[in-house]
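Student: Attaching a single structure in structure tokens format; questions to follow.
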Amino acid sequence: MKIVKHSFDGIIVGAGGAGLRAAIEAAPTMKLAVITKLYPTRSHTGAAQGGMSAALANVEEDNWNWHAFDTVKGSDYLADQPAVDILCKEAIDAVVELEHWGLPFSRLESGKIAQRRFGGHTIKEGAAPAFRACYAADRTGHMILQTLYQKCVSMGVEFFDEFQVLDIKIEDGVCKGVVAYEIATGDLHVFEARAVTFATGGFGKIFKVSSNAHSLTGDGPGMLYQKGIPLEDMEFYQFHPTGIYRLGILLSEAARGEGGILRNKDGERFMERYAPSIKDLAPRDMVSRAIATEISAGNGAGPNNDYVYLDLTHLGEEAIMKKLPDITDFVRTYVKIEPINDPIPVQPTAHYAMGGIPTDVNGRVLSDHKGGVIEGVYAAGEAACVSVHGANRLGTNSLLDIVVFGKRAGQSMVDYVSSTKASTLNESAADDLSNKINNLMEKEHTTEFSVANIRSELQDSMEENAKIFRSKETLDNQTEILANLRERYQNVTIQDKGKVFNSELLEAIELDYLLDMADTTVASALARKESRGAHSREDFPDRDDKKFMKHSFAFKNGNSVKLEYKDVELGKYEPMERKY
Amino acid sequence: MEIDLKILRYDPENDKKGHWEYYKVDAEPEERILDLLHKIKWFEDGSLSFRKSCAHGVCGSDAMVVNGENMLACQVLVKEVSNPIKIEPIRGLPVVKDLIVDMEPFFDSYKKVLPYLINNDDPGDRERLQSPEDRDKFEDTTKCILCAACTTSCPVFWTAESYIGPAAIVNAHRFVMDSRDQGSKQRLEIMKDVNGAFRCRTAFNCTSACPRGIQVTKAIEDVKRETLLNN
Ligand SMILES: Cc1cc2nc3c(=O)[nH]c(=O)nc-3n(C[C@H](O)[C@H](O)[C@H](O)COP(=O)(O)OP(=O)(O)OC[C@H]3O[C@@H](n4cnc5c(N)ncnc54)[C@H](O)[C@@H]3O)c2cc1C
Ligand code: SF4
Ligand code: FES
């Protein structure tokens, strides 16, 4: 196998919003490269629709403290409050900076950035829904991704497009660099670099019905987990209430922010019963549970009573076409329904990982639950867990998270690189990966051990046992299924033996990460004997602050998962019952 | 229902040139063309190669020629195309393997138009103001996902690869029409080049190919007009 050697000060793995924002910060002062398995503009940040929150107060009075209150309450008090303060305070400058770089936000008559309502965001600590989400129609993420990439192009940032990082080298707790696979040639590339930021995005592909791209397979968290670095709060996975029925394609919460209503088979606005004050704009965990509850009570629509309706028909054609053009298109394209006239069948869809690689507020990756760090390794974006989202993320807070903490990770790279000497890494750094690949290339193919078969069983079973409602029984069951899949994975085989664009080979390696994500999710969920945010245990329906105001840290322990815990950092907001 | 697929395949490690392969797949009428390709790749022939990511028409990975027309495989349903379905890589860019083409020349053209906001004034510590009307002037071209469906449907581009192509002009338009931008002079200079906007022969292929519904030909006409006004 051909091995190519490169030398950089800093490497960023991933070119979504988080990776690009980090690159803009780090590029001016060091030899930096961004490595990405997709062309940057194809990152899933581009799929984000509804908006990015900041208390700009362009429509009505607002204040970043209220944003922080909502974020903490939305998180079911599991977010670290000092980190939330940073997120909400720095939000304002982050949005303004994007505008200065050219982001085409939608505008108010005054010429200021337009803002809309979104779930869980309120003024005056719960008084009424807040106009806080800055948006560009319903393609805010697309505009953020484009703007950040454009900025990188203007700065001449160096990219390795369609290179997939598959190994990180850490010696004695210090980062040395990464090893990447060049997708177009099958060559391996050793990148020596003393600062590496992981911004690889989420891992929604552990579930069957998901709003996530095929590429979201948890590579960053998986790679670090396999090196002994823990993953934080993996039991908290968000299901977005409104995915298109069966397909999981997202219909943004902006649809409800603009006045859309959820209805059951009888046309009843059922959210009135679950969240009397803010109804359809309750946080996602609550709305998804409400939908699941309606469906199990037989109130779902359709021949199998397994979906509810998102009704936009009263909004009028002009508002729909102006403010929600893309999601209207999705509905027309994929369900052949006209949202202006007819309600849309929806069901909860796997959407966002609150958990991930543990970091401090400067993006530094934590090596344990006691505050240890890995020198030179950083993480940001959905791959990371700061934690600002706790047990349940509010809509619009992820686009915010990726720019605020992407920037901070970039700054940390700058500080670290300026105070340390270059690392060295030679070609032999590629040995582990090259063995792994050779092994897959040599094994004879059998259908029983094909990537697709193992992966679809993983997705089906996670959907069945570890989705919105969980219990000891379903999780025990899933633990057994995962052990079996893991065993089969040891023998996984591929048919394509070529060097050029061998995506089957890459899918086989990604499946390993997906299994890690599922293992840690299920083990953490089994141990958390309470219900909090997105984690709902039928056998432990209440929140238990005495035992569980804690972040879980899942370590790899052979083929099983070992759990440790770290106290939540509290602040001005005392945990209280979450009612809306 | 059973669908017949005919796919133009090319393996650079074994083939001298492309050849057709035939497949039969069971599919629901509501499935995407991309789903069919996955069925083949996952359950029949793992070596079939194509790009994909978002699976709902927003990332721009999977432009290909389906029954003679450029489209995103994830945006077209089985029931919308006639059976048998014939799939080829997009034209005018070098084929790397199967349905995958070399995108580098495409992105190089994109970068030539200075695709970023140019404005050296101090913006202050709040957002610049822009009226909704000014914002609307470039709304259409902000939607571009750089999928290359337009450029690779253009007969001028097929015969002259040096032509900058509709996608790059769309991205120039996005900034030329933005009231906040001050870089039009430089950009329009590039448009005047022999390989710039005036090579366009208004064939309209690009507009029908665009999966984002961008009025590509109109954007090119806007840019031509601005260039002439700027002379
Ligand atoms: C449909 C949808 C709508 C959403 N809407 C909103 C919204 O309105 N508001 C909001 O706040 N949030 C929203 N979110 C959430 C938000 O968009 C994401 O959490 C966020 O964009 C993630 O950004 P990221 O930079 O962390 O990762 P991504 O944008 O997913 O980027 C990941 C990058 O990592 C690269 N990569 C991955 N693995 C490797 C590897 N092994 N080697 C090299 N490169 C690799 C990929 O190529 C890619 O460039 C939405 C999410 C979805 C799915
Ligand atoms: S203008 Fe349309 S067809 Fe052309 S690259 Fe952009 S999105 Fe694709
Ligand atoms: S896979 Fe993203 S556009 Fe088709």
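Student: Among the residues of the stretch A:213-231, are any farther than 29 Å from A:L20 by Cβ, touching a residue at least 60 places away in the same chain (Cβ under 8 Å) and in contact with a helix residue (DSSP H, G or I) (Cβ under 9 Å, 6 or more places away or on another chain)?
Tutor: No, there is no match, as no residue in the stretch A:213-231 is farther than 29 Å from A:L20 by Cβ, touching a residue at least 60 places away in the same chain (Cβ under 8 Å) and in contact with a helix residue (DSSP H, G or I) (Cβ under 9 Å, 6 or more places away or on another chain).
Student: Here is a follow-up. Has the stretch A:326-346 got any residue that is open to solvent by 10 Å² or more (accessible area, probe 1.4 Å) and assigned to a strand (DSSP E or B)?
Tutor: yes
Student: Go through the stretch A:448-488 and give me each residue that's of a type outside the set (S, T, N, Q), open to solvent by less than 50 Å² (accessible area, probe 1.4 Å), within 25 Å of the chain's Cα centre (by Cα) and more than 13 Å from every other protein chain (Cβ to nearest Cβ).
Tutor: As a first pass, look at the stretch A:448-488 and keep what is of a type outside the set (S, T, N, Q): A:448-449, A:451-452, A:454-455, A:457-458, A:460, A:462-464, A:466-470, A:472-473, A:475-476, A:480-483, A:485-488.
Add one more test, that the residue is open to solvent by less than 50 Å² (accessible area, probe 1.4 Å), and what stays is A:449, A:451-452, A:454-455, A:458, A:462-463, A:466-468, A:470, A:475, A:482, A:485-486, A:488.
From what is left, the residues that are within 25 Å of the chain's Cα centre (by Cα) are A:451-452, A:454-455, A:458, A:462-463, A:466-468, A:470, A:475, A:482, A:485-486.
A:L458, A:M462, A:E463, A:A466, A:K467, A:I468, A:R470, A:L475, A:L482, A:L485, A:R486, listed by residue number.
Student: A further question on this structure: If you scan the stretch B:56-75, which residues turn out to be in contact with a strand residue (DSSP E or B) (Cβ under 8 Å, 6 or more places away or on another chain), open to solvent by 20 Å² or more (accessible area, probe 1.4 Å), part of a strand (DSSP E or B) and away from chain A (no Cβ under 14 Å)?
Tutor: Result: B:N70, single match.
Student: Scan (1) modelled with pLDDT under 95; (2) under 30 Å from B:D11 (Cα atoms) for the single condition B:Q186 breaks and write down its number.
Tutor: It fails just one condition, (2).
Student: Related question: Pick from the stretch A:16-38 the residues that are in a loop (DSSP other than H, G, I, E, B), within 8 Å of ligand 1 (Cβ to nearest atom) and not charged (D, E, K, R): which of them is surrounded by the fewest Cβ atoms within 10 Å (Cβ to Cβ)?
Tutor: A:L38
Student: Moving on. What are the residues in the stretch A:427-443 that are within 14 Å of A:A508 (Cα to Cα), touching a strand residue (DSSP E or B) at 6+ places or on another chain (Cβ under 9 Å) and without any contact (Cβ under 8 Å) to a residue 60 or more places away in the chain, if any?
Tutor: Matches in the stretch A:427-443: A:K443 only.
Student: Take residues that are at negative phi and away from ligand 2 (no atom under 16 Å from the Cβ) and tell me which of the helices (runs of 4 or more DSSP H) falling wholly in the stretch B:145-231 contain 3 or more.
Tutor: Filter on the stretch B:145-231 gives B:184-192, B:216-229.
Student: Does A:C88 qualify as being closer than 30 Å to A:G243 by Cα, of a type outside the set (D, E) and at pLDDT 95 or above?
Tutor: Yes: the conditions hold for A:C88.
Student: Ok, one more. For A:E442, which of the numbered conditions (1) open to solvent by 70 Å² or more (accessible area, probe 1.4 Å); (2) closer than 30 Å to A:Q49 by Cβ fails to hold?
Tutor: In the conditions (1) open to solvent by 70 Å² or more (accessible area, probe 1.4 Å); (2) closer than 30 Å to A:Q49 by Cβ, A:E442 misses (2) alone.
Student: In the stretch B:55-72, is there at least one residue being touching a residue at least 40 places away in the same chain (Cβ under 8 Å) and on the phi > 0 side of the Ramachandran plot?
Tutor: yes
Student: Something else about it: Wholly within the stretch A:208-312, which helices (runs of 4 or more DSSP H) include no fewer than the required count, namely at least 2 residues that are surrounded by fewer than 22 Cβ atoms within 10 Å (Cβ to Cβ)?
Tutor: Hits in the stretch A:208-312: A:271-274, A:284-296.
Student: List every residue pair whose Cβ atoms lie under 9 Å apart, where the two residues are 6 or more positions apart in sequence or sit on different chains, the first residue falls within the stretch B:206-217 and is assigned by TED's automatic domain parsing to the domain that holds B:A149 and open to solvent by less than 30 Å² (accessible area, probe 1.4 Å), and the second residue, located anywhere, is among the aromatic types (F, W, Y) and away from ligand 1 (no atom under 16 Å from the Cβ).
Tutor: B:V216/B:F204; B:T217/B:F204
Student: Which condition does B:G124 not pass, out of (1) among the small types (G, A, S); (2) at the interface with chain A (Cβ under 8 Å from one of its Cβ atoms); (3) out of contact with any Gly (no Cβ under 8 Å at 6 or more places or on another chain), if it passes all the others?
Tutor: (2)
Student: Checking A:G372 against (1) under 18 Å from A:M517 (Cα atoms); (2) open to solvent by 10 Å² or more (accessible area, probe 1.4 Å), which test does it fail?
Tutor: It is condition (1) that A:G372 fails.
Student: Quick one: A:M155 ticks every box in (1) in contact with a strand residue (DSSP E or B) (Cβ under 9 Å, 6 or more places away or on another chain); (2) surrounded by fewer than 23 Cβ atoms within 10 Å (Cβ to Cβ) bar one, so which box is it?
Tutor: Every condition holds for A:M155 apart from (1).
The values are calculated or read from the model by the stated rules, or taken from the named source; none is laboratory data. This one's a predicted model, so the numbers in the text were calculated from it and none came from an experiment. Quick reminder, even Gly has a Cβ in these numbers, built from the backbone with ideal geometry, and neighbours come from all protein chains shown. Accessible surface is based on the protein model in full, side chains and every heavy atom, while ligands, DNA and RNA are left aside. Shrake-Rupley method; radii C 1.70, N 1.55, O 1.52, S 1.80 Å.
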